[in-house]
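Presented below is the structure to which this report refers.
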DNA sequence: ATACAATTGCAAACAATTTGCAATTGGAAA
DNA sequence: TTTCCAATTGCAAATTGTTTGCAATTGTAT
């Protein structure tokens, strides 16, 4: 669990004003284990009366500052997640269960790929999600 | 370039009726080099007066039948692409230029990942896109 | 040639996300 | 501290992307 001070630092490093909505949203995101849509995150903010529009704008600025990333789950809305530790997901296309994973080999492969690229010489980010049927559903 | 007969076979294999809109959409998709949104694809269909709704429904059924896949380009709409040959993309976040790539090592890494998984024992599909700044923009 | 389920087009609804603008707020500078 | 200004927020309304309902049409198995 991050302290108030650490949260404040995250904002400061990103050169973002230390406002109540931002702190609350950041605290909330820290409690979420899996990617959620803006609507879902907004429900969690209920008691704090933070406008959905503010949430969208905050997510956008967090995204620009690499605090947050989008995750494509092949659904019809955008899923967001804190991006403090790099990881990926396996998604069950039947029950929507999620499993996180990390993998260091991927980075090596990506480096090889980029060295072969004509138009690019480095990568800033990448997305990788796996889809399948979980053991329970199978 | 695929012939009429091949297109017909693609539909038949997917157990989809061989209708004019589907053939036209499939032909169109075959001519597109990079993922496009439903709106963009629809513009290409102009002369053929195929309804945007039909396109959405067709893309959905093609997707279910693995003829088409969604590609997440971190934009605010869904991008679609024919999925006849497996590949990924590198995206320039500045000028939106795209480069395709294939990589066989990825599959090996994915197999390792799945063998470590608690909840999953195999993967049906995966998405992998890279984001960066292209040489021209850098 | 017929019949029925699958597919289509149109209109309208819906959901997610963005924009405009006036009021409020945080923090740098006095 | 107090002042001041740009950054941020909330509300209302607009926009964009996507889906749904239903009657008319079409493809294919019989």
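The values are calculated or read from the model by the stated rules, or taken from the named source; none is laboratory data. As the structure is a prediction and not an experimental result, all values here were calculated from the model. Don't worry about glycine lacking a Cβ; one is built from the backbone with ideal geometry, like all the others, and counts go over all protein chains shown.
Within the range B:75-94, can one find any residue that is more than 9 Å from every other protein chain (Cβ to nearest Cβ), out of contact with any helix residue (DSSP H, G or I) (no Cβ under 6 Å at 6 or more places or on another chain), under 18 Å from residue A:130 (Cβ atoms) and crowded, with 17+ Cβ neighbours inside 10 Å? Yes, the conditions are met somewhere in the range B:75-94. For residue A:94, the test of being part of a loop (DSSP other than H, G, I, E, B), within 14 Å of DNA strand C (Cβ to nearest atom), modelled with pLDDT under 95 and under 30 Å from residue B:38 (Cβ atoms) is failed. Is the range A:129-137 home to any residue that is surrounded by fewer than 19 Cβ atoms within 10 Å (Cβ to Cβ) and either under 21 Å from residue B:79 (Cα atoms) or in the same structural domain as residue A:8 (by TED's automatic domain parsing) (or both)? Within the range A:129-137 (the criterion being surrounded by fewer than 19 Cβ atoms within 10 Å (Cβ to Cβ) and either under 21 Å from residue B:79 (Cα atoms) or in the same structural domain as residue A:8 (by TED's automatic domain parsing) (or both)), the answer is yes, since at least one residue qualifies. As an exercise: evaluate residue A:44 against (1) farther than 25 Å from residue B:78 by Cβ; (2) exposed (fewer than 15 other Cβ atoms within 10 Å of the Cβ); (3) within 16 Å of DNA strand C (Cβ to nearest atom); (4) free of Cβ contacts under 8 Å to residues at least 24 places away in the same chain and give the number of the one condition it does not meet. The one condition residue A:44 does not meet is (2). Screening residue A:15 on (1) within 14 Å of another protein chain (Cβ to nearest Cβ); (2) at pLDDT below 95; (3) within 10 Å of DNA strand D (Cβ to nearest atom) shows it passes everything except condition (1). Please work out if residue B:73 is under 21 Å from residue B:7 (Cβ atoms) and either more than 9 Å from DNA strand C (Cβ to nearest atom) or out of contact with any strand residue (DSSP E or B) (no Cβ under 8 Å at 6 or more places or on another chain) (or both). In short, no.
For the range A:37-69, filtered to residues that are in contact with a helix residue (DSSP H, G or I) (Cβ under 8 Å, 6 or more places away or on another chain) and more than 14 Å from DNA strand D (Cβ to nearest atom), the residue that is farthest from residue A:14 (Cα to Cα) is A:44.
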